[in-house]
Structures are given as C-alpha cells and as structure tokens.
Amino acid sequence: MKIQHKNTQIKFITKGKNNPLILLHGFLETEQIWRDYQQLLSQKRQVVTIDLLGHGETGNISEVHSMENMADGVIEVLNHLKIEKASFAGHSMGGYVIMEILKKYPEKITKIGLINSTPAEDTPEKKENRDRVASLVAKNKSAFVSMAISNLLTSENNKKFKPEIEILKNEAQKMTSESIIAATLGMKNRLDRVETLKSFKGDKFIILGMQDPVLDVENTIEIGEKTDSKIIEFPDGHLSFIENRDLLLQFLQSKI
C-alpha cells in the first residue's frame, strides 16, 4: 500500500492484528529485509514495514532527508493506520529514525529495539566519512553500493550469505544517487539522542553484533549502560537480520 506524503508517496505493508510492531530498515535497504519476519510475527500481532524516504518504492522529498523527515513519514503511516502506540525495532539507520520519533512523538512508542544501531550522533571522523561517501556516490554509485554492503559483515559471512547479500545489493542499486546522498547527509547531521533514550521509561534494547565493523562495540556497550538499555550480544556483524536470523526472530517474538 502507499499513502501520499508531501510531494511523494510512502510504501508500507501491514499484516496481522493487535499489539502493533513497526519494523524499520536501514541505509540502502528496503522493507523487504523484514518480509520473512513479518510473515511469522504477524500470526500473533500486527506488523508494519515501511520503505523510508528515498528507499524502495518511497520517493524523495528533499536533497537531504533528515532523520526527523523520515520519522514524520513513519508517523504519517501510523496515523493512516490509526495506530496510537506501537513497539518499534529498527536496523541501523532505522534505529536513528526511532530516536527521532521518540524525541518528537514520545507518546507513540511503548518499546524500543535498536538493532546494530546507536542513539549517539556521528563522531567527527564519521561525519567526514559521510561527506566522502556523498562525493563518491555522485561519481560512482554502483561501486559504492557494492563495496558498502560487503563491508558490513566479515569476509567469511560474505561467502556464507552470498545469495542474501546479492539480493541486498541488487535492491540498493535501484536507489538513485540523489536518494543515497540525501540519506547519507541526513545521518551525518543527526543529533545526539543518548539523553532522549535514557529518559524513556519503557523497555529498551540494543542488539549488538560483536564483530560489527561499523559500530564501536565498547562504546555502544557504555551507551547501553548509560541509558539503562539492555544490551543483547549477537556473535556476528552489522547485518543481524541476515547473519543471526534465528536469534533476532527469537528476540522480536519474546522481548519487543
């Protein structure tokens, strides 16, 4: 299904009834990463997946898609579905979007699961890297997409999950350079939400891949302690929804 949002349309899929769970994908991904999870989880509850701005079948609204822009789009879908409150789980950038929803629409959230994600802002080095990404994408989008996704997991898991990784890459290649740059700059400019997460009184979890090449594992554990979040350690990299599927499914079934 699609709804109108500003000058574009947002794609979403809803299945099941009651106790809604919103699943948000990460950078270069689409709601399709949750398809199998939605199929299983929706047998016992409502599960909504959404293509965030510039991803999948959702278009662009700006040259920069701030995390707040993306959060507004998610809330538009919830309002359309008449969902007053929900549990939220988001992968990587999807977690950043959840933090903006928590800041702007705190009444909407009952539980939070940050999957391979953090409430912290980018470090100065990471911000510089985002700028490099933006210029690289403008020159050679295809090479960037392939490299960026491969770099999210170990070489061993790149081989082990080759079919799944190829699907991810093929979907990401459908994105325009403008969409990739808009999300990259939105992530770079996002604000620190550590205190926002700390003040949230509901259940909150951070799922951490112990071999994650993108997140600083030790720092994320410290943030978990500082925000009174429960850290759940998975053994692999940044793509827990592929690398640790059974563990993640078990988490979503029992905790969120």
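All of the numbers you see were taken from the coordinates with simple rules; none came from a lab. Keep in mind it's a predicted model, so treat the numbers as computed, not measured. Please note: Cβ atoms are built from the backbone with ideal geometry, for glycine as well, and neighbour counts cover all protein chains shown.
Couple of notes before you dig in:
- Using a cut-off of 29 Å between Cα atoms, the listed pairs LYS6/LYS174; LYS17/LYS159; LYS126/LYS226; LYS139/LYS204 include LYS17/LYS159; LYS139/LYS204 as exceeding that distance.
- Formal net charge of residues neighbouring LYS169 (Cβ-Cβ distance under 13 Å; K, R +1; D, E -1): -1
- What separates the Cα centres of segment 232-256 and segment 193-224 is a distance of 15 Å.
- Extension gain, LYS139 to LYS15, is 40.7 nm, computed as 0.36 nm per intervening residue step minus the present C-alpha separation.
- Our helix-only sum for the chain, with -39,500 (n - 2.57) per DSSP H run of n ≥ 4 divided by its residues, gives a mean residue ellipticity at 222 nm of -14000 deg cm²/dmol.
- In sequence order, calculated HN-Hα J values of segment 99-112 (Karplus, 6.51, -1.76, 1.60; Hz; x Gly/Pro): 4, 6, 4, 4, 5, 9, 10, x, 5, 7, 10, 9, 9, 10
- Centroid-to-centroid separation of segment 141-162 and segment 37-116 [C-alpha atoms, Å]: 25 Å
- Here is the size of segment 1-132 from its Cα atoms: Rg then Dmax, 14.2, 44 Å.
- Over all projection directions, the Cα-based convex hull of the chain averages an area of 12.0 nm².
- GNM flexibility winner over the chain from LYS159, LYS198, LYS188 (Cα, springs under 10 Å): LYS159
- Listed by Cβ neighbour count within 10 Å, with the fewest neighbours leading, VAL137, VAL64 appear as VAL64, VAL137.
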